[in-house]
Structures are given as structure tokens and as C-alpha cells.
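For reference, the structure discussed in these notes is given below.
The values are calculated or read from the model by the stated rules, or taken from the named source; none is laboratory data. Here the structure is a predicted model, which is why all the values come from computation and not from measurement. Backbone-built Cβ (ideal geometry, glycine too); neighbour counts: all protein chains shown.
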Amino acid sequence: MTAWLPLVLPALVALAVVAILGLPSAFALRLRGAAVAIVAVPAAFAVLALAPIFSGVLGLPWTILSPLAVALLLALVLFVLRRWLGQSRDRNARRLAPSQRFWVPVGAAAIGGLATATILILSLKSADAISQTYDAIFHLNAVRLILDSGNASPFAMDLASPGDPTFYPTLWHGFVALVAQLSGASIPLATNAVLFVVCCVVWPIGAVALGRALAGPSTRVTVVSGIVAAAFPNFPLSLAGFGVLYPNLLSLALLPYVLVAALQLLALGWARQSLPLQHGTSWVLFIGSLGASVLAHPNAVHVLLLWLAVPVVAAAVRAFRGGRVITADGVMVQPARGRALRGTLAAGGLAVFLGIVVLAWYFGRTTTNPWEGGHPSPFGAILDAIGSTPKMEGHNWPITMLVLLGAALLIRRRGQRWVLGVSVVLIAFYVIADGFPTSDWRTFFLSPWYNDPWRLAALVPLGALPLAVYGASAAAAVAGPATRRVARMFPARSSRTRHAFWVAFATLFLLAATQGAGAFAAVNYVSSKYEFDRWSPLLSPDERAIIERLPENVPEDAVIIDNPWNGGALAYALTGLEVLVPHTSGNYDPDVADITTGIDRGTPEACAAADDMGAEFVLDFGREYVFPGTPRAIPYLGISGVEESATLTEVDREGGAVLYRITGCDLN
């Protein structure tokens, strides 16, 4: 475990950044207890999303001072508006109910967070491990670009098109850059620190908040929600391996905060009782967390619309029927508005929601991608979804039993059946992705996700988690008396001690029941994306060793000719030295192709282009590509697997990885 000690400081720094940037808003609203954590987390990321835009416009360098100033300004605005927004409804209460205290949801989230952290440790194998995946190249190099340029604005990201920036969400990269600055950690180490914080802190707290909003704010539901947050291998763990989709992972981890606020505004479930916020504060939570989620990755809009489709219809139907709504005190009351006015507002709300769906699917379409489903028929995809491990090996039957128990309970509760509908919608989209061949109608539904079954599989837990919480809570309620009798068999000085024993026993039992098959599937999958050996598809030990020695072998102002498909582009992230092609896909100078196809033969075009660009060194990492055999790497054959060259002179070698210097070009 000592190998993981280097991760401690950057992880603590990442936690501190979230706390320092988020708590001012919570305190400005005079929140207490559980509401502090549930509001502070998305507030911090809202600040991290806005600050780069402001600092970019003002020409200020990206440091902790920019988000800190925005956090204080936001807190000041909320403090001034507090009398209109309304403060926490429990502010005047002398004592909070036990389940509403700060440490209850945070402690429950810590249970799931520790389970998830254990899986990540087993999967990554080292604190500074690099994901051996295609997107890792861009994400690590994007952090380096922010550190070099001092600009983390999403409107300034030009890694893939130098001098021609386009909008790209940089919330993740700006956060990692801050952690690297403040802790002195390398980019891979800072990246993994943020990965741990998002998976083990941000997601579990949000999952606990969502579980409480749907199944009730009791201590039992709270603890169960924390455990269940770590029971699904498809989220957040699958996205820690697949892609690797860091921005998408952060976006989905923030989504439960948006959903809790939306359920409060719709007066559905137990949302208003679980989080005692006034109506105006609920709107602030909704807008702030939605903004952070969308600026982490715009695809959050589509996921939110899928999740809310059934609740919005359920709330509209209730209004049409003149049904009662539940208050923060748990009392069903008839709203002050008349049935006709409620129906009119509901119809208008449905029309607006439908319009947003149409616009999101029209403007949110991605480039055509030939992702195919993994099953010859939808039945296999349905089985995988029910087995709680879509796109992953095996099935997690213990958690499936809890999900099915929760579904059975909800069927009998007329006012809460919409929760079951949410899960059905998300599973249906996954089945379309993984159970049907490519077609126009499939692309119509799945284009916002690149037709990618893996991205849709990661959404299934967002619908299944509430069902699992219902089922696990019911199971715990039934097992409670028996567990307490077992606890009384052991001598204790007080009932509090026996109660603690019962809670600990029940927690360990549920952890054991939910972490087996799911944890095994997650470790197998994620670890396969972090294998670090001679066959690693992106960066082998020999190649990383060559990169880490670059500062000893090349000057600081050197430009290195690289093949991004074999990992050479990561020299930029790991050393800060400039590489000719920092990403596999981009709009680069056409002369680059002349260099990478002919420099080994010393063609006049290659030599002239290298001289014009000041490129004097070549990294040759062979022809093992992150996408094996991809034809897109053909333009780099002149610098990949060079056997003999009168133009290139070897400077450093580690196994099959070689650093060359251009010495044989005659430009006279």
C-alpha cells in the first residue's frame, strides 16, 4: 500500500478545492446538516465551470485565485438574495433530526466511497497509472496545455486545432490542472486523484441524496443508499476504464444533484422532506448543478431528459387530475391553485419539455459512428441489464434481487410507480444500443451517445439505483428485528452500543451481498484498461522510461516528432516538451504528413518541413497502436518501427522504444 502514498496529497488537495469552493455558497444560504454537503458539492463544480470562462475573458492566468474569487462572489450574491430565495426550512429548529445531520449522509456515502476506492486501487495498480485508451491522450495533454497556456476556458481549447480553438468542455481538465499546481503532482497522479474524488466522494454523496429523495430520509435508507452507490460496476467504474471518458464520468456523477432539485420542484417522492430547502433555493440548486453537469459534458442534457421524462408526465397527470401534493412535513395537501389553472400550467410545462427534447436531439446529434451492439437480439441485452452488469462479464444477481424487490414494491404503490418507469426508459435505450444492429432508427435515438452501447450501459445504474435502494431498505427493515436479537446476545453497557453493533453488522452484510460479482466484474474490466507491460496498447514501460528521460536528452525548446497512435504524444503531458502531433485526430499543418512519412528516408520535403518547424528529434515507439492496425496511423509509418535510416541517429533506447535525432538532412 505504500505505493499509493503519493496519491494522498493530491487527493486531499482535490477534496480541499471542492470544500473551499463549495462551502461559501452553502453557508451564505445558512444551510445546515445534510443540506450543506448536498449543496456544497455541485456549487464547487459550478464555480470550477464558470471561473475559467471569466478568467479567460479577463486574461487572468488559471490559478486557484480565479475560482476562489468566483466562489466568494457567488456566495455574496446568494447572501444578498437569501431573503427572496428563502433559507433552510429547518434553520429555526433547535435540533436536527438524526437523519438530517451532516455526518449521516456523508458517513453513508463514505461506506460506498471506500468500497469504490478499493476497486479502483485493485484496478489501477499504481498511483500514477495511465489509462491505456484512446481518449487518455487528449485528456492528459489538455491538462498540460492548460498548465502551459494558463487558460482553462472551454472556448480556448485548441489542442486538436492549433490556433483555431473550438468550444470543448474543460471542467475536468481545469480541475486536474489546479490539483497539479497546488500539490506539485504529475499530470497522471493529479488525474487519478481527481478520479478518486469524483468516483468516491462526488458520486456517493449524490447517490445518497437521490436515494433519500426517492425512498425517504430515514437513517436506514441513507445507509443503504451509500452502500448501493458502489454496487453497480457500470457506473462510475466502467467509465473509469472505457474511453477513458473523464468529462462524461464527472457529468454523470453530478447528475443526481440535478435530479434531487428537479424532484423537489416537481414535488415528487420524498425530495422535499429529505432536503429541507425553500422553493427558491431548490431552483438555485437545480440551475447550478445542471450548469456544472452540462459544462462538464453537454450530454448531461440528454441523460437528464431521459431520466425526467416519466416524472414530468407523472407530475402533469397529477395536476390534470387535481391530485394532492406532499409537503415538507410529509402531509398530503390540496394546492392553492385551482384544478383548471394547474392543468393549464401542466400542459404548458409538457409542451416546453417536449420542445426541449426535440431541440436537444436535433442540435445534440454527433457525427455518425458505426458502434454495433454486442448481442444478436435484444433478449441478451435485456438479460445483461437485468443482471446489473450490462456490457460486462457475469451477472450481479444479489443486486438484481434487490432491484426486483424494489420494483415489486413500487408496483403496489400507485403514487410512486413513476420511479419504475425511469428505470424502464434507461434500460430501453441500452437495449436499443446493444441489442439491435446499426440502422437509421437506432441512430435517431442514440446519436447523442455516438450510438455507443458502453455509454448507454453506464446510464442503467441511474435508473436501477432507486429500485435497489427501495429493495435493500425493505430487506433491512425485515431483517432488523433478527439482527437486533443477535446484537442483544452480546453484552453491552448501553442500548446505543447495541444499536451501533446492529448498524455495523447490517452494513457489513449488505456490503458483502452487493460487492461480490459486481466488484469482480469491475476489477476485471477496469484493470484490463490499465495493464502496464510490454503489450500495453498505448504506453509500455519501455516507452514511458524513454519519455521520462527526455529532459536529460533534449533541450527545453525542442520539438519532438511523434506518432500519437503509439503513445508518443504523451511525451507532452509527462514532460511538457512540445510534440508535433498532440492528439490522434486534429487539424494540423499539412507539412506534418511530409515529415512523418519521409523523414526516415530523408526526403527533401520531410527535411525542409522539419527544419521549418524546428523539429529535430523523433520518438519511435513502433507499430503497436492504441487501435490495433488502424489505417489512420499509415501517415506515421516513416517514424514507426524504423529499421535503418541514414537520416536518424539514435540518442536513447529502452527495449524497442527509441529516441532519434535528425542528423542526415542536407538542406544546402
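So if I check each of 289, 274, 293, which one is within 24 Å of residue 417 (Cα to Cα), crowded, with 19+ Cβ neighbours inside 10 Å and of a type in the set (Gly, Ala, Ser)? Working first, answer last.
Details: 289 fails: within 24 Å of residue 417 (Cα to Cα); 293 fails: within 24 Å of residue 417 (Cα to Cα).
Within the list 289, 274, 293, the selection yields 274.
Report, ordered by the first and then the second residue, all pairs with beta carbons closer than 8 Å, sequence separation of six or more or different chains, a first member in region 347-376 that is more than 30 Å from residue 318 (Cβ to Cβ) and in contact (Cβ under 8 Å) with a residue 12 or more places away in the chain, and a second member that is assigned to a helix (DSSP H, G or I) and of a type in the set (A, V, I, L, M, F, W, C).
Close Cβ pairs satisfying both conditions: 366/449; 371/433; 373/381; 373/433; 374/381; 375/381.
Restricting to region 402-418, name every residue that is surrounded by fewer than 19 Cβ atoms within 10 Å (Cβ to Cβ) and assigned to a helix (DSSP H, G or I).
Keep residues of region 402-418 that are surrounded by fewer than 19 Cβ atoms within 10 Å (Cβ to Cβ), which gives 404-405, 408-409, 411-415, 417.
Selection gives 404, 405, 408, 409, 411, 414, 415, 417.
So, restricting to helices (runs of 4 or more DSSP H) that lie completely within region 420-507, which ones have at least 3 residues that are modelled with pLDDT of 90 or more and of a type in the set (A, V, I, L, M)? Talk me through it step by step, then tell me what you get.
Working: elements: 440-446, 453-457, 460-488.
Here the list reads 460-488.
Which pairs have Cβ atoms under 6 Å, sit 6 or more apart or on different chains, and link a residue in region 38-56 that is assigned by TED's automatic domain parsing to the domain that holds residue 26 and free of Cβ contacts under 8 Å to residues at least 40 places away in the same chain to one that is in a helix (DSSP H, G or I) and among the basic types (Lys, Arg)?
From residues that are assigned by TED's automatic domain parsing to the domain that holds residue 26 and free of Cβ contacts under 8 Å to residues at least 40 places away in the same chain, there are no pairs.
In this structure, is residue 351 modelled with pLDDT of 85 or more, surrounded by 13 or more Cβ atoms within 10 Å (Cβ to Cβ) and within 30 Å of residue 324 (Cα to Cα)? First the steps, then the outcome.
Values: modelled with pLDDT of 85 or more: yes; surrounded by 13 or more Cβ atoms within 10 Å (Cβ to Cβ): no; within 30 Å of residue 324 (Cα to Cα): yes.
When the stated conditions are applied, residue 351 does not pass them.
If we keep just the residues of region 243-271 that are crowded, with 24+ Cβ neighbours inside 10 Å and aromatic (Phe, Trp, Tyr), which is nearest to residue 453 (Cα to Cα)?
246
Within 25 Å of residue 241 (Cα to Cα) and either part of a helix (DSSP H, G or I) or in the same structural domain as residue 595 (by TED's automatic domain parsing) (or both): does that describe residue 542? Walk me through it before giving the result.
Numbers: within 25 Å of residue 241 (Cα to Cα): yes; either part of a helix (DSSP H, G or I) or in the same structural domain as residue 595 (by TED's automatic domain parsing) (or both): yes.
Judged against the criteria, residue 542 is a match.
For region 354-393, what are the residues that are loosely packed, with under 15 Cβ neighbours inside 10 Å and within 23 Å of the chain's Cα centre (by Cα)?
Listed by number, the residues that qualify are 363, 365, 366, 367, 369, 393.
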